[in-house]
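Novice: Have a look at this one before I ask anything.
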């Protein structure tokens, strides 16, 4: 398993394009987890379309008015 952290820990800037750039370099048999900076369903969909096998979300769920509905929507992607 490989985790791709989209947040630069020196500057705290987020680049969701890292998953898109790195997925072709990681064998498809190796699960890829897209981490950090995923704040919307659109971001989650982008990660799925980029080849991520899983995503790590925290803030998005913490800020959701209905976290259960948010999880359901994420699970449907």
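We did not get these values from a lab; they are worked out from the coordinates using the rules stated. None of the values given here were measured: they were computed from a predicted structure. Cβ sites come from the backbone with ideal geometry, for glycine too, and all protein chains shown count toward neighbours.
Novice: Ranked by Cβ crowding within 10 angstrom, fewest neighbours first, how are 57, 33, 2, 68 ordered? Write down the numbers at each step before the final one.
Specialist: Values: 57 21, 33 16, 2 13, 68 9.
Fewest-to-most ranking of 57, 33, 2, 68: 68, 2, 33, 57.
Novice: For the chain, give the share of DSSP beta bridges that are antiparallel, in percent and rounded to the nearest 5; count only bridges with both residues there. Display every interim value, and only then the final one.
Specialist: Working: 1 of 8 bridges.
Within the chain, antiparallel bridges account for around 10 percent of the total.
Novice: Only one of the listed values, (1) 48; (2) 38; (3) 44, was derived from the coordinates as percent of Cα pairs over 18 Å apart; which label is it?
Specialist: Calculated percent of Cα pairs over 18 Å apart: the matching label is (2).
Novice: Still on this model: Calculate, in nm to one decimal, what residue 49 and residue 64 gain on full extension: separation in residues at 0.36 nm each, minus their alpha carbon distance.
Specialist: Once the chain is fully extended between residue 49 and residue 64, it gains 3.1 nm.
Novice: What is the distance in Å between the Cα centres of region 1-37 and region 50-65?
Specialist: A separation of 13 Å, based on Cα centres.
Novice: Highest GNM mean-square fluctuation, the chain, Cα pairs closer than 10 Å: which of 15, 66, 53?
Specialist: Looking only at 15, 66, 53, the biggest GNM fluctuation is shown by 66.
Novice: Work out, step by step, the length gained on full extension between residue 39 and residue 15: first 0.36 nm times the residue separation, then minus their alpha carbon distance; give nm to one decimal.
Specialist: Numbers: separation 24, 0.36 × 24 = 8.64 nm, distance 1.24 nm.
Value of the extension gain: 7.4 nm.
Novice: Could you calculate the contour length gain from residue 72 to residue 1, that is, 0.36 nm times the residue separation minus the distance between their Cα atoms, to one decimal place in nm? Please list the in-between numbers first.
Specialist: Details: separation 71, 0.36 × 71 = 25.56 nm, distance 2.42 nm.
Gain in length upon complete extension: 23.1 nm.
Novice: For the chain, what is the mean residue ellipticity at 222 nm derived from helices alone (per DSSP H run of n ≥ 4: -39500 (n - 2.57); sum divided by total residues; nearest 500 deg cm²/dmol)? Don't skip to the answer; put the middle values down first.
Specialist: Values: 4 runs with 29 residues, N = 77.
Calculated from helices alone, the mean residue ellipticity at 222 nm is -9500 deg cm²/dmol.
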